[in-house]
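Note sheet for the following structure.
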Amino acid sequence: MTEAFLLSFKLAALTSLTLLVLGVPLAYALVFKRVPARALVEAVFLMPLTLPPTVLGYYLLILLAPEGFLGRLGLVWAFRFEGIWLASVIFSLPFALTAYREAFQAVEPEVLEVSRTLGLGTFRRWRRVILPWIWPGLLSGTLLAFAHTLGEFGVVLMVGGNLPGETRVASIYIFDLVQALEFQQAARAALVFVALSFVMVLAVRTLEVRWRSITGSSAR
């Protein structure tokens, strides 16, 4: 059980960090920049919200196989940790991106305009104005992505299979226990997930309240 949960934590940590690095600039561009065909771009990035995990996993498996498009480019990541990492980034992107975008939308354009008028450069504007305003929203979105990745099953199973120590994360481990009729061990592992989910939801909710208090007080 320990091996499976450690692998899940590793996957969730790398995925949420990747989404933070990629999702924040993307959300900023969608809110403050003129993006051609914005609705189409947003629809593409938010599609994993409505796609069944097995469908997304199937197409990623085809792409990452040796004969697939990405496989021919050297990214033969099917049934490897790198493959489930890429699948997790794509599958959890909408959760992080939605939270990041809402955080940026709460920043008043007048505040940014005043900071430009005062001569603040891009770096100082981010450090002094934007980040103090949006950090709870960014952290909340990152925690949501972490929690979502931690509980993934379908897309991870499709892309990575069930290889102990490589792709068998905790959710697949519990599935294996149930199939083997080892219900007591499955119950213990599931209880760990329940506790983790409660802590994550509580943390996200606390951050949301904190973020609303910051934006509300700034608006006044």
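Here, each number is a calculation from the coordinates, and none is a lab measurement. The structure displayed is predicted, hence computed values, not measured ones. Note that we place each Cβ from the backbone using ideal geometry, even for glycine, and neighbour counts take in every protein chain shown.
Here are a few things to note about the model shown:
- Under the combined filter of DSSP loop state and at most 15 neighbouring Cβ atoms within 10 Å, region 1-78 retains these GluC sites (Glu not before Pro): Glu67.
- Calculated log₁₀ intensity ratio I(q)/I(0) where the Debye formula runs over C-alpha points of the chain, q = 0.12 Å⁻¹: -0.73
- Each stretch of four or more DSSP H residues adds -39500 (n - 2.57); spread over every residue of the chain, this sum gives -25000 deg cm²/dmol at 222 nm.
- Inter-part distance where region 1-70 and region 176-192 are each reduced to a Cα centre, Å: 29
- Where trypsin sites (Lys or Arg not before Pro) fall in DSSP loop in region 20-89, at most 14 other Cβ within 10 Å: Lys33, Arg34
- Efficiency of FRET from Cβ geometry, Arg205 and Met1, R₀ 35 Å, rounded to 0.05: 0.80
- The listed peptides 84-92, 176-184, 124-132, ordered by packing as a protection proxy, come out as 84-92, 124-132, 176-184 (highest mean of other Cβ atoms within 10 Å first).
- Residue with peak Gaussian network fluctuation, the chain [Cα springs, cutoff 10 Å], from Ala29, Ala106, Ala39: Ala39
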